[in-house]
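The values are calculated or read from the model by the stated rules, or taken from the named source; none is laboratory data. These numbers come from a predicted model, not from an experiment. All Cβ positions, even for glycine, are placed from backbone atoms using ideal geometry, and neighbour counts span all protein chains on display.
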């Protein structure tokens, strides 16, 4: 049970990759919050994300969309330019207005412990970033993708 008396499922993962970037970047969490839509249930499903026992954010949407919590390990380059990074991202997508939202993006260090708890909450943190793609921009991006794929496959596009 979580603090609200509702049941919660806990998933945890220990970050144990090395070597990684030694410094951690912190994004200040927003004090403002989003409330569940009064016309819907009194609570929304949300993700409470913790890093080393401290709550990073409570991410949820009171409308149609998706909330994603991800751990990303990446490496690249060669020789002296080689680098490895480990990052925690909590983001989402609001279907109604095609908005990409983000609650946090933080570098992790070896030994960091990440815990994600699936909860029901009436209030969640407001995303720290929001990007809405205009219909014109989306059409240009999709057109460029189709043209790139057509070229890759050796296709010819017949334009009206």
| request: Name the single residue, out of those in the range 116-144 being free of Cβ contacts under 8 Å to residues at least 60 places away in the same chain and in a loop (DSSP other than H, G, I, E, B), that is nearest to residue 54 (Cα to Cα). | output: 133
| task | Confirm whether residue 113 is closer than 16 Å to residue 50 by Cα, under 21 Å from the mean Cα position of the chain (by Cα) and without any contact (Cβ under 8 Å) to a residue 24 or more places away in the chain. | result | no
| query | From the list 28, 66, which one is loosely packed, with under 12 Cβ neighbours inside 10 Å, modelled with pLDDT under 50 and either touching a strand residue (DSSP E or B) at 6+ places or on another chain (Cβ under 8 Å) or part of a loop (DSSP other than H, G, I, E, B) (or both)? | reply | 28
| field | Out of 48, 147, sole residue that is surrounded by 11 or more Cβ atoms within 10 Å (Cβ to Cβ), modelled with pLDDT of 90 or more and not in a strand (DSSP E or B) | value | 147
| request: Answer yes if at least one residue in the range 92-107 is more than 23 Å from residue 64 (Cα to Cα), touching a residue at least 12 places away in the same chain (Cβ under 8 Å) and surrounded by 16 or more Cβ atoms within 10 Å (Cβ to Cβ), and no otherwise. | output: yes
